[in-house]
Each structure stands twice: as C-alpha cells, then as structure tokens.
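K.L.:
Handing you this structure, nothing more for now.
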Amino acid sequence: MEEICKRPGCSGKIVDGICEDCGRPPQGTSLLSNEAGTSKPVSTGSVSLASGTTSASSSLSGRSSASGRSGRSSSRLGSASTRSSLGAGFISLPPLPSMDPLKSLMAEAVVPERKRSCGSCGEMLHHEKGFCPMCGTEYSFVPTLKAGDVIGGQYEVRGAMAFGGLGWIYLGWDKTLQRWVVLKGLLNSKDEASAAAALAERQFLAAVKHPKIVGIYNFITEGSEGYIVMEYVGGKTLKELRQERGPLPVAEAIAYMHAILPAFGYLQHQGLVYCDFKPDNVMLEEGDVKLIDMGGVRRVDDVDGDIYGTKGYSAPEAGSSPSYSSDLYTVARTLAILIMDFKFQGAFEFTLPTPQEQPLFEKYDSLYRFLLRATHKDPDVRFQTADEMAGQLLGVLREVVAESGPPRPLESALFTGDVPVEPDEAQVEDETGPGDVTFSVPGVKPDALDSAANLLVAAAALAPNMRKATIEGVIRQHPESSEAKLRLAETYIADKSYADADRLLAQAASLDAFDWRVPWYQGISLASQAHWRDAASRFNAICSELPGELAPKLALALCAERAGDIDGASYLYDLISRTDPDYVSASLGLARCRKKSKNRAGIADALGRVSSKSSLYVHAQLTLARALLQPLPDPPGRDELARASEVIKALNIEGMARHRLAADLLISAVDRLTAKAIQPDASTRILDLPLEIKELRAGAEAQLRICARIARSADERLALVDEANRVRPRTLF
C-alpha cells in the first residue's frame, strides 16, 4: 500500500523512506535502517539537464548569481584530524561514542519489496528470489550467509548489517586477528568463475590506504559470491544523524564535507572515482569522519565495469562517464541535502532551489554560489580537484561561523592581503561621494607553476619603467606564459594604456579560457576607467567562481558603492570585515555606507572592527570620534559625547588633528547644554572636565589656542584665535 506523508501541508508519496515532495522522512518515525535512494546502476540513457543557475541579481552586489567559467586549481586544503576540530578548528563539536558492533545488525534480514530490482534491466521484482520476468536473469535477495558461518577459514559471520546495491553487507569477527570486520558482497551470481574474476578485478582496492577511508583487509571468494573484507568503523553515519536531527547546522555540515574531501583528493591521485557518495557512506566515529563503502569505486578510465550511483546525488553524466568532477558533484549534493529539505530526488534532481525558495541561500550567498558551481551541469565549470574545492569550502565556512562568533582570518592562496588607502581629511569631514575614494584591492599572487614564474618574480622588484621592458622580454622568451601576459597587462592598466591591456588579456584568455585572472584584470581595467557596472559584472562572476575568497567580494563592493548601490555594498563590506578584520578597507567602506544612511551606531560598529595593530587604526578612531559628534540624524546625546571623549583620550597622538577634534567635542557639549538637550552633571567627565558650560568653554578655548600655535599659516592662526575668543567663558571683564 502506498505510504503518504502526514507532515502538515504535505501529501507527497513516501519512496525509499523519504517524501518525494518535502524531502523528509515520515513524521514520528525512525528510519535508521532504511535507505533513501537505493544504490543501483545509473541509467546510461539520455537525461534532460537543468542548468542549476539563476540570473544575476539586479543589485550590483551580485547576490544569487552564477558563474559560467571555472577557476584554476589553487586553494590550499585545510583539514582537521579530530571531530572536535573539524573545519580547520573553526567549529567545535563534541565527540561521538563508538557503537557496540552487534547493535548494528538488522533485526530481520529482509529486503523490502520496493527495493528489489533486477540488476540487469532494472525491472521491479516482487519475490525474494527467482528469475526476472523481463530479462530472465536469476536473482536472490535472500542472504547467502548466516550467523556462525566462517568465510575463508578466518572470518566468522555474526549477521547481516544492510543490503546495498552490490548485495548483502555482513558483520564479521576476525578469528585470527581478534577484531571486528565488515564483509561487503561484490557479486550475486550462480557462476563461481565469474565471482572469482570479479574479485580479482577489484584487487586494486588493496592499495587504497588513507586515514579518511575505511581500510581494505582482504578479498575472499566463497562459492558463487565474492567479498571485500573491510575495517569495521563504529559510530553513526551522516544519514542517521540527518534522520535523527533533521537539517544540520550549516557550519557543522560544511565541516563534515570539508573533512571528507581529503579522501577524494587521495582517490583522484590514485586514478580512482568513488561514484556513489551520499550521507550513508560517511561514518562519524569518536573524533573523525571516514568514507566507509568502497564497493562502487572504479578506475577513472574503466570503460567496461558497472557504474553505481544514487538518484538525487549523481551528476547527470555520471551514468556514462563518471569522473573526478562528478565525484565532487556528489559531495556538494550531499552538503545541500544535509542542510535543507527539498525535493532532491524529484523536481530538483539536477538543480538547486533558488534563494527565494530557500531562505538559507538568501542568508548565505557564498554557500549558494559554492553549491551552484560544484553542481553545475557542465563538468568543466565545476571544481576540478578536491583540494580546490576544499579551499573554497573552507572560505565559505569561515564566513558562516564569523556571523555569530569571532572572526576567522585566513591567508588566501590566491590573493595578497588588503591594501587600504587612507582618505584625505576632506573626505572624512565633507559629504564627498564614494567615487572620490581610491579603488584599491588585493593583488593576485603569482602562479608558481607558470613557465616564467621565476623571471616574473625578479621583474616585480624593478622600477615600473624597467619592469615593463623586462616583462616584454619575458613574453618573447616564454610566449606560452599566461602569467607574463597578465603581469604586463597589469602594468599597462597602471599606465592607463587600456587598449594594450585588453589585447594582452585576450591573448591570455586564448591560452586558457577558464582562467579567472583574465576577468579579474578586466575588472581592474574597467574600474580604473570608472566603468563601475561593467567592472562589477566581472567581479561578480569571480565571486561565483571563487566563493570562499574575500578579495573579489571587496572589489565588487567597491564597484557597487561607486555605482550607488549602497545596500549591496554595505552587505558585502559587512560580510568581509566580520570574517576578516584585517580587511580594513571593508570596515572603512562599511562606515562610509552607514554614514550615507545616517546610522551613527552602525558607523561606530564598523570602525570599531579596525584592529589596533592596523596602520589605519588612528585614522579609524579619529573618524569614529567625528561621527559621534555629527547629527546622524540627531545631534549627539550624553552617551555619544562620553564615547567620543573615551576615543580621543585613548588616541596616543599629538598634533592638529587631535586638538582640533578635542575642541570640537567640547564645543558640541557646550551647544547641547545651551540648548538644554542635556543637563549639567559634574559627575560626567568629558576629556576629564565636568559636564558644565563654564569648564567646557575653558577647555575648548585651551585646545583652540594650542591649534593656533601649530597652525601652518598666518590666516589659519588668526582664524583659530578668533574662534578661541568666541568660545571662551563669558566674564564681566
């Protein structure tokens, strides 16, 4: 009888323990022994592909957009060895206890009828054993081993644990080495010779040795079946955790996927593809995660072997040509399924919900961009290596954890650090437009693998006029070098020779159509010409290509600010500065945007993020004190005056800026007292003076006379003296 979902507002059909509509297990039931999406050979027929992308947002911040190009592999892999420090130590999780192996046994070793299908033609089967009515293939879903059987004279069977796409999985006891093992069926056939041949074909798995991958101990042929003997890993699978708790916290789910990616990097280096990754195949045990099922692993160049996959997880092309990128596709799909409920085996089998459909994506734009790229319909656009994917995922993770916790600075493998430029004093005091602020972004680190890398490093140390001629010589010597063309284009942009720069960037693009550095320098060139919207489109594409990097987000924010998209710029500046306070440009940019919105508290928050170790700390504190004194939108009150006093007193500087600011604070306090907006209070101190008109006037006069003594011109000196005379306490004489 068909089972219908009883969750509020849903009437979907329950298939494989998951509702086809809401994507969740039945309400009030425990499905820990069921499999959502039984592993079976993926159809090699043609499949209609959805794009998995959305159009760019109208906002110049570019939120919820997708890129159409792929980035070069370059990000470092940050992994952790224990669960308590998963995600490079960015989050902390309590350890999970190991399970009693005997508790993992099935109470009744029966395969549900809905999971019985012919391994040859896919026809659904209604009996436990017999012959397929469609193709005549003999089948059996009855376990061939029972408790007490001894395999290979060494492994005593204790019972069945599960039934997978390749057959039964048993718990065993190694009588020789006194340890628990798992016996994974490789073949269900009546042909003993075929069983032996299939087992021999899998011997390459014996060479797989990695701490994140279950150990392969032995290969045994027993009658008509072959078995891989594997390490027993106790604990819980991610599938069990997901079913028990529902959608997992985003940071936790990312940490699990980040921790398992080194296993995929290792398999890739061995020339192997995993094929059938899903939450069922990741075990959480004590302090780590581990890949536990190697039954579907195959050589990447294998053209004859069976291909296994699971609907909703497998890439569109995986049924005919599984690859490293299709493996990484399954990792991204698993991450998406861990963090949200959606019809991953139905309407969104090859796509993702939009931010409008999933608020989680609206909240975490970088995560959405990451998943869009990782699950793109075009394998060439996806991440190409596990290292590259892990590097970007770690960048996304630090953005997520910084939202509610301390910032997580991390050196980029692709970009140099922030290079903030201190604005002129006029830009602080006046309502100048953002276009007057210098466009300054991090530089791109050189590609150490480029053929001309060493020569270009040496050229970088030369004076600009000599550097250009030297790089031109490097290009003649190494015409295949993309790095040389990009660096020369960079010098042309600095010289405002934009046509020459465009020519070189086109040449670099012809060498590698997927090099993200080309649109990066195109964006720099366009920004240098004040073509803010065109530049923003380039940086927006790179944000989708490198979703874990902050530098493209900063470039996009600067363009958005100059083009008048203050909300979009504020969002990006806020994200960047919360994630990494060393990006001082983002904090200053956020303060500028909040000043436009007349948000005094917001300005104080933004400028308070600038570290005392930064070269612009004093500038930020001076700007903060000025902001506290401005009518944004109302004149300052007692709290703002006291806060400005604390800021000025903490400044370890002397000179015109400090004394002028001190005078402005005291004059502002006098004005508020005179207007009776605040009441005199001898206990409240402003620059160590009581909050009373006479004392504050005297203090302001003293500060202005100091300014007059250090004035740079006679006219300035006279103006300051006049102002001091006007503000001094009034007397009868």
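The values are calculated or read from the model by the stated rules, or taken from the named source; none is laboratory data. Every value quoted in this text rests on a predicted model; they were computed, and no experiment measured them. Counting neighbours? That spans all protein chains shown, and the Cβs are built from the backbone with ideal geometry, glycine included.
K.L.:
What residue, among those in region 276-291 that are in a loop (DSSP other than H, G, I, E, B) and at pLDDT 90 or above, is surrounded by the fewest Cβ atoms within 10 Å (Cβ to Cβ)?
P.N.:
Looking only at region 276-291, we keep the residues that are in a loop (DSSP other than H, G, I, E, B), and these are 276-278, 287.
Now drop any that are not at pLDDT 90 or above, which leaves 276-278.
Values: Asp276: 28, Phe277: 29, Lys278: 24.
Only one residue tops the list, namely Lys278.
K.L.:
Additional query: Val381 - would you say it is β-branched (Val, Ile, Thr), in a loop (DSSP other than H, G, I, E, B) and crowded, with 19+ Cβ neighbours inside 10 Å? Walk me through it before giving the result.
P.N.:
Values: β-branched (Val, Ile, Thr): yes; in a loop (DSSP other than H, G, I, E, B): yes; crowded, with 19+ Cβ neighbours inside 10 Å: yes.
So Val381 passes the test.
K.L.:
Looking only at region 408-439, filter to residues that are modelled with pLDDT of 90 or more and more than 30 Å from Pro479 (Cα to Cα); which one of those is surrounded by the most Cβ atoms within 10 Å (Cβ to Cβ)? Write out each step before concluding.
P.N.:
First, the residues of region 408-439 that are modelled with pLDDT of 90 or more: 411-418.
After this cut, where a residue has to be more than 30 Å from Pro479 (Cα to Cα) as well, the list is 411, 418.
Values: Glu411: 11, Asp418: 22.
Of everything passing the filter in region 408-439, Asp418 is surrounded by the most Cβ atoms within 10 Å (Cβ to Cβ).
K.L.:
If you don't mind, there's one more thing I want to ask. I want to confirm something. Restricting to region 218-227 and keeping residues that are within 18 Å of Arg298 (Cα to Cα) and either buried (at least 20 other Cβ atoms within 10 Å of the Cβ) or free of Cβ contacts under 8 Å to residues at least 60 places away in the same chain (or both), which single residue is farthest from the chain's Cα centre (by Cα)?
P.N.:
Gly226
K.L.:
Restricting to region 133-161, name every residue that is at positive phi and in contact (Cβ under 8 Å) with a residue 60 or more places away in the chain.
P.N.:
So the first thing to find is which residues in region 133-161 are at positive phi, and the list is 136, 148, 152-153, 159.
Hit for region 133-161 is Gly152, nothing else.
K.L.:
Follow-up. Any residue at all in region 203-224 that is aliphatic (A, V, I, L, M), assigned to a helix (DSSP H, G or I) and within 21 Å of Ala390 (Cα to Cα)? Break it down into steps so the answer makes sense when it comes.
P.N.:
Taking region 203-224 as the starting set, the residues that turn out to be aliphatic (A, V, I, L, M) are 205-208, 213-214, 216, 220.
With the extra rule that they be assigned to a helix (DSSP H, G or I), the set shrinks to 205-207.
Still in the list and also within 21 Å of Ala390 (Cα to Cα): none.
No: region 203-224 contains no residue that is aliphatic (A, V, I, L, M), assigned to a helix (DSSP H, G or I) and within 21 Å of Ala390 (Cα to Cα).
K.L.:
Is it the case that Lys103 is loosely packed, with under 13 Cβ neighbours inside 10 Å and basic (Lys, Arg)?
P.N.:
yes
K.L.:
In region 508-555, what residues are surrounded by 22 or more Cβ atoms within 10 Å (Cβ to Cβ), of a type outside the set (D, E, K, R) and outside any helix (DSSP H, G or I)?
P.N.:
Within region 508-555, Trp516, Leu546, Pro547, Gly548, Leu550 qualify.
K.L.:
Also, quick follow-up: Would region 661-672 turn up any residue that is under 46 Å from the mean Cα position of the chain (by Cα) and charged (D, E, K, R)?
P.N.:
yes
K.L.:
Next question. I need the full set of residues from region 327-348 which are farther than 17 Å from Val400 by Cβ and part of a loop (DSSP other than H, G, I, E, B), in order please.
P.N.:
Passing the criteria: Asp341, Phe342, Lys343, Phe344, Gln345, Gly346, Ala347, Phe348.
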